[in-house]
Amino acid sequence: MKKKFISAILSVMMVGSLLLTGCGGENSNETAGAGSTSAAAENKETFTIGFSDFSLTAEYQAKLRDEILDYAEKTYGDELEFVVLDGESDSDTQNSGIDNLISQKVDLIIMVPFDAEQQIPAVQAAVDAGIPLLEVCLQTADDGLRTSFVGSDDTSSGVLEMQCLAEAMGGKGNVVYLHGPTGQDSEIKRHEGANQVLEDYPDIEVAAESVCNWDRAEAMTAIENYVQSGMQIDAIFCENDEMALGAYAAIEGTDLEGKIHIGGIDCISDALQAVKDGKLDCTVLQDAKLQASEVVEAAYKVLHGEDVEEYIEVPYQLVTKDNADDEYFNN
Amino acid sequence: MKEKNFDLGNFLRKFGIYFVLILMMIILSFLSKSFMTVSNMMNILRQVSVSGIVAMGMTLVLVTGGIDLSVGSMIAFAGVIGCTFAHPDPSYPLIVVILIGLAAGALCGLVNGLIVAYTGVNPFIATMGMMTIARGATLLFTNGRPINDLSESFQFIGRGTVGFISTPILFLIAVCIISALILHKTSLGRYIFAVGGNENAAKVSGINVKKIKIFVYIYSGILCGLAGLLLASRTNAAAPNAASGYELDAIAAGVIGGTSTSGGRGGVYGTIVGALIMVVLSNGLDMLNVSSYIQQIVKGIIIIGAVCIDQFSKGKDS
Amino acid sequence: MSNNEYVLQMSNISKSFSGVKVLDSVKLDVRPGEVHVLIGENGAGKSTLMKILIGMYTRDEGTVIYKGEEIKIRNTKEALDVGITMIHQELSPILEMTVAENIFLGREFKTKVGFVDQKKMKIEAQKLFDEVGISDIKPSAKMKELSTAQTQMVEIVKAVSFNADLIIMDEPTSSITDNEVDKLFSIIRRLTAKNVAVIYISHKLNEIYQISDSITVLRDGEYIATKATKELDKDELVRLMVGRELSDLYVTENHSQSNVVMSVKNLTNGKLFKDINFELHKGEVLGIYGLVGAGRSEVVETIFGMRGKYEGEIFVHGKKIVISSEKDAIKNGIALATEDRKGTGIFLGLPIRNNISMAWLNNLTKLGFVNGKKEKTETNIVGDRLKVKAASYANAVGTLSGGNQQKVVLAKWLLTNPDVLILDEPTRGIDIGAKAEIYKIIEELTSQGKSVIMVSSEMPEILGMSDRIMVIADGENRGVLEHEEISQLSIMNLIAKV
């Protein structure tokens, strides 16, 4: 509730600054203070951490932010203070946001990069300024610069989903493949993982592919059109859950309902419910909670001069009807 | 001394677009057996319903010489506001949900209209501001997460059928008829053309230019509200990042349909054909399993081609 | 056959657009150092002929011999290269640039390192101004600071700077004042003294007789005659142009009645004008005369609600009215056909019918819907009454000639059935045939008891049409001349009065 209030005030300020400067492209700032300001009284050292997420409008990223802030507050109270920046799905915006964090002299930066290549200058700038930088969830291509990457191997999410669908199909048939935005790192890796599995299944054919930009409505339209064309579809591989739910909506209520296997990735709450209801065969959990706690731990260690691993892997987990009711997925 | 001969530019502007659509459909029906089927035609109409409704509002705005870049954001905004009241428990009557959605759109449109009419801020800038504001407000309201768990009755407006016709198609038809009546049969419609054709002359003719401008932006907002509800119902969730880029589709539909971006010329019939062309195109190309990359190129060519025809015919006029 | 007597000989020029012949075997011979007027009603083919000459159109047939050689000009650049330039009616200078920069646009002087040499451009521009005798324009001034007349002077200087031997001027006096016309003529005389030929397109007969040496008349795309100006009297010229006798251009009958329709008391609007008083009687034409910038248009625009708040009082039929918008004015039976037809009069892209009904639409609707049948009937009646010539009222107004466009504007206002019809420069830029028709319409209206206020800067028109004349100068009412007092001299005396 408090966070909502603070973010409301800051959004009003954002709108104000927008009016003053004429138009958009500003970074939206949120400061999520961790409790009272009595840190000094307790004579503990406090640190400011800049968190730059490429987009806070993507559901998973919003969740990751919440988990990071929650975990930090619960575990370290007011020792860690966060400045949260939204990169608005734009490399340039994210880079200038990080420049701002550097000039604010934050103690450490956590970043979810928008682009594997274009965010490298920002990493370099942080390193030059002597500010340690952790990448979480997504990573840049230059792994020599950053202090550490906390994340899951996207390739394995593709592997898990395609494996599940391939088995459900009995090892043969037609699959329709729905892509996220072309060029995004996670899209490329998920695709890679899916392809690895398909090599083992020569009888599964990719009947059609479409770029649906993580968007539910676009996926729905594409699948409606494929269904209309009379194409034989046995399974739909979706690179995220939103598209999987769109694909399901396209066949819901038609003769094909229940005859097509659909899988997604991300384990958003809608998709988890759909798996429980048998609408989707599977989703894959990118463990935001674990990523959040690992990155906060790593940050804490770095701030106190301890070494951390260069790559801290947080494994993906396949969610099917069998395990969908586990408490772990339902918080 | 006046030319009374066949004027190709004028002819193309008036009817060319219908031929393009018919030609496309003929070609596609040869290429794909399943294209020209009743169920696919219904499918196309269902898919055009949301973008078509938005394009109707955009057309009125374009005819006044304005532009509304905020439609995508208003769709998302109205969608999440409306869907907040569309849960099964506590349940509100469907009409309440619809009215709230429409009101949310109308409110954004009113702000657009007031800014454009009274401050002299260029519509491009004013609505671009609203685009960011409404999107931001949507994200703030939802905290970046989609609103789901929608009631059965709400699902009806986007997914139900009346007879064998899907409800969104009925909404589209209703909006088309209302828009056509407003623009082509009422004095209000005349004034909309007048404001876009020559704002100063409109004022001198005793027309309340400000009122007309405010009206078209509110109308656009209301239609976005309806579109937002339909989209949310169709996809079973109101996503805060839904409908981004819809403004371009709506502008393209208008322009392909012969509405001039400089105002004073256009009509809703052309717009609906323009919207259909875009949807038929992606439907047909999807059916032929053509890659989305090529689809984008084809779409672009069609838009530029339409504007070229527009320019060509304008050159003939003067 | 070339003949050194002429600088330009165009012969047998024909041109068709989409199968319609707009020029049919037209000829034009121009001597060096003369002012040659090209005259004809709108649509006669003057502009087409000139556009062929400067390469904007290509001719279908015919020859152009320039300085003894046959030439084929393909674009305006080539025309400039051989020394032919045209000063268009609607000037389009680059407003943010200086006078000197505009003159030398595209051929700027450069310094050694390749920068634009501003200093030299200014000096050269000043030389050119001295050459033609212009003293009130600074080469360093921005174009946007200049008046229309001054902008025109700059265009002329630009033409001179190309060493043009032939300058075409398309209605150069259509938007400048009498004083400025005198100045323009003195410059033209300087040019002709240097053997530069000027082709002068104008509708204004007085000017033509003042400045020209010979006249070529075109009608409906055909060549009619070329005569020396001094051998051609006005009546004959008009007859050649319109193909019929036009004995009485102005209608002078006085229909004034004693009752006052509108009265204006101490009308003041900021710095535009102050303390304007007048009464308008039933059935009269009240002329308002003033030079450009005197405040005459501002007065009528204030009365019509276009100029915001005013001080003073306006009465219609003895009742005081408050006008805060055009809508208020229309409601009170006032109509204004503005001087800027394209800017504030017509909707070029909209159908003729929609243009005519625009100000009266509220009375043609039921529950917001336009009653198409009623609209058709009423617009047809008023359109026919004004003899609007159009194939169909569904066509865009932009397809009509200037005179017919003006009639559409009048039709729009007549439809509102106004008590006070204000016409601001009602015949600007339209041909003599259409002018005569508009005068006839005014006469008809007054005979039916309508009252007309006519603002004009054309002296013959104001003298010919007005029953009384109010003279405005420097935003002040200099006096009202009663019918018997009207003369050019009395008007000029009022203007000169301080």
Item to check | Alpha-carbon Rg with Dmax, taken over the protein assembly as shown, Å | outcome: 37.3, 111
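Probe radius 1.4 Å, ligands and nucleic acids left out: which of C:K72, C:K320 has the largest accessible area, and how do the rest follow? List each step's numbers first, then the result.
Working: C:K72 150, C:K320 110 Å².
Listed by decreasing accessible area, they come as C:K72, C:K320.
Could you tell me what a quarter of the Cα convex hull surface of chain A works out to, in nm² with one decimal place? Could the numbers behind the result be given before it?
Numbers: hull surface 73.8 nm².
That works out to 18.4 nm².
Probe radius 1.4 Å, ligands and nucleic acids ignored: give me the carbon and sulfur share of the accessible area of the stretch B:37-244 as a rounded percent.
Numbers: 4800 of 6920 Å².
Ligands and nucleic acids excluded, carbon and sulfur reach 69 percent.
Can you give the alpha-carbon Rg of chain C over 2.2 N^0.38 Å, where N counts its residues? Please list the in-between numbers first.
On the way: Rg = 24.5 Å, N = 498, 2.2 N^0.38 = 23.3 Å.
Normalised Rg, Cα atoms only: 1.05.
What whole-number value in cubic angstrom gives the convex hull volume per residue for the C-alpha atoms of the stretch A:154-285? Could the numbers behind the result be given before it?
Working: hull volume 11.5 nm³, N = 132.
Convex hull volume per residue, Cα atoms: 87 Å³.
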Item to check | Residue-by-residue Karplus 3J(HN,Hα) for the stretch B:249-263, coefficients 6.51, -1.76, 1.60, Hz, glycine and proline x | outcome: 4, 5, 4, 4, 4, x, 5, 4, x, x, 7, 7, 6, 8, x
Checklist entry - Is there a simple number for the mean count of other chain Cβ atoms within 10 Å of the Cβ of residues in C:369-378, and what is it? => result 2
Item to check | Where the Cα pairs of the stretch C:8-242 fall when distances are cut into 5 Å bins, in % | outcome: 1, 6, 14, 17, 19, 16, 12, 8, 4, 2, 1, 0, 0
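Can you compute the FRET efficiency between B:I173 and C:I381 using 1/(1 + (r/R0)^6), with r the Cβ-Cβ distance and R0 = 35 Å? Round to the nearest 0.05. Please report the intermediate quantities before stating the final value.
Numbers: r = 39 Å, r/R0 = 1.10.
The pair B:I173/C:I381 has a calculated efficiency of 0.35.
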Checklist entry - Just the accessible area per residue of chain A, please: how many Å² with a 1.4 Å probe? => result 42
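What number, in percent, do you get for the relative contact order of the stretch C:181-313 if the mean sequence gap of Cα pairs under 8 Å and at least 6 apart is divided by its residue count?
In percent, rounded to a whole number, it is 15.
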Checklist outcome for this item: Given Cβ charges of +1 for Lys and Arg and -1 for Asp and Glu, the option among C:Y209, C:V132, C:T229 whose Cα lies farthest towards the positive end of the dipole of the stretch C:101-229 is C:V132
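Tally Lys and Arg at +1 and Asp and Glu at -1 over the other residues with C-beta under 12 Å from the C-beta of B:M74: what net charge comes out? It would help to have the intermediate numbers written out before the result.
Values: positive: B:R135; negative: B:D68, B:E247.
Taking every Cβ under 12 Å from that of B:M74, the sum is -1.
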Next on the checklist: With just the Cα atoms defining each centre, how far is the stretch B:197-275 from the stretch A:139-188? Give it in Å.
Outcome noted: 40
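Computed on protein heavy atoms with a 1.4 Å probe, what is the summed buried accessible area for the chain pair C and B, in Å² to the nearest 100? Before the final figure, lay out the partial values.
Values: alone 22750 and 15340 Å², together 35660 Å².
Buried area (both sides, nearest 100 Å²): 2400 Å².
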Item to check | Count of Lys pairs (Cα-Cα under 19 Å; at least 8 positions apart or interchain) in the stretch C:144-263 | outcome: 8
Item to check | Under 25 Å from the Cα of C:K366 - lysines, other chains or at least 8 residues apart | outcome: B:K185, B:K203, B:K210, B:K211, B:K213, C:K327, C:K331, C:K374, C:K376, C:K412
Checklist entry - What longest region of chain B stays clear of chymotrypsin sites (Phe, Trp or Tyr not before Pro) that DSSP places outside H, G, I, E and B and that have at most 10 other Cβ atoms within 10 Å? => result B:7-163
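Per DSSP helix of 4 or more residues, -39500 (n - 2.57); summed, then divided by the residues of chain C. What does that give at 222 nm, rounded to the nearest 500?
Details: 16 runs with 161 residues, N = 498.
It comes out at -9500 deg cm²/dmol, rounded to the nearest 500.
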Checklist outcome for this item: If N is the residue count of the stretch B:106-219, its Cα Rg over 2.2 N^0.38 Å rounds to 1.39
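For the protein assembly as shown, give the share of DSSP beta bridges that are antiparallel, in percent and rounded to the nearest 5; count only bridges with both residues there. Numbers along the way, then the final one.
Numbers: 57 of 130 bridges.
Around 45 percent of the beta bridges assigned by DSSP in the protein assembly as shown are antiparallel ones.
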Item to check | CD proxy at 222 nm, helix term only [per DSSP H run n ≥ 4: -39500 (n - 2.57); per residue of chain B; nearest 500] | outcome: -23500 deg cm²/dmol
Item to check | Kirkwood-Stokes translational diffusion coefficient of the stretch C:403-487, alpha-carbon pairs, 37 °C, 0.692 mPa s, µm²/s | outcome: 239
Next on the checklist: Just to confirm my numbers, what's the Cα centroid distance between the stretch C:361-390 and the stretch C:451-495 in Å?
Outcome noted: 36
Item to check | Only Lys, Arg (+1) and Asp, Glu (-1) charged, at Cβ; chain C dipole about Cα centre in debye | outcome: 1480
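Could you run the numbers on buried accessible area between B and A, total for both chains, 1.4 angstrom probe, in Å² to the nearest 100? Spell out each step's value before the answer.
Values: alone 15340 and 15150 Å², together 27630 Å².
Counting both chains, the buried surface is close to 2900 Å².
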Checklist entry - Hey, if you put +1 on the Cβ of every Lys and Arg and -1 on every Asp and Glu Cβ in the stretch B:37-244, which of B:V96, B:L140, B:G189 ends up farthest toward the positive end of that dipole? => result B:G189
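Taking every residue in C:352-360, how many Cβ atoms of other protein chains lie within 10 Å of its Cβ, on average? Present the calculation step by step, with values, prior to reporting the outcome.
Values: counts 0, 0, 4, 5, 0, 3, 13, 7, 2.
Per residue, the number of nearby Cβ atoms from other chains is 4 on average.
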Checklist outcome for this item: Once all protein chains are kept in place, B:L248 shows an accessible area at probe 1.4 Å, nearest 10 Å², of 110
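For the stretch C:2-140, how big is the tail of P(r) above 22 Å, as a whole percent of Cα pairs?
Numbers: 5019 of 9591 pairs.
Within the stretch C:2-140, distances greater than 22 Å cover 52 percent of Cα pairs.
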Checklist outcome for this item: Sorting C:K265, A:K172, A:K189 on solvent-accessible surface, 1.4 Å probe, most exposed first, gives A:K172, C:K265, A:K189
Checklist entry - If ligands, DNA and RNA are left out, what is the accessible area of C:F115 with a 1.4 Å probe, given in Å² to the nearest 10? => result 140
Checklist entry - What percent of all Cα-Cα pairs in chain B falls in each 10 Å bin, counting up from 0? => result 6, 26, 33, 24, 9, 1, 0, 0
Checklist entry - What is the stretch C:252-312's relative contact order, in percent, from Cα pairs under 8 angstrom and six or more apart in sequence? => result 36
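Taking beta carbons within 10 Å but only from partner chains, what does the mean come to for residues A:50-60? Show your work: numbers first, answer last.
On the way: counts 0, 0, 0, 0, 0, 2, 3, 12, 4, 8, 2.
Per residue, the number of nearby Cβ atoms from other chains is 3 on average.
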Item to check | Euclidean distance of C-alpha centroids, the stretch C:162-186 and the stretch A:199-271, integer Å | outcome: 74
Checklist entry - What base-10 log of the normalised intensity I(q)/I(0) is obtained for the stretch C:260-496 from the Debye formula, alpha carbons as equal point scatterers, at q = 0.12, 0.17 Å⁻¹? => result -0.65, -1.28
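Which value, in Å², gives the accessible area per residue of chain B when a 1.4 Å probe is used on the protein heavy atoms?
Working: 12620 Å² over 318 residues.
Per residue, chain B has an accessible area of 40 Å².
The values are calculated or read from the model by the stated rules, or taken from the named source; none is laboratory data. These figures come from a predicted structure and were not determined experimentally. Cβ sites come from the backbone with ideal geometry, for glycine too, and all protein chains shown count toward neighbours. Keep in mind that these areas ignore ligands, DNA and RNA; they rest on the heavy atoms of the full protein, side chains included. Shrake-Rupley method; radii C 1.70, N 1.55, O 1.52, S 1.80 Å.
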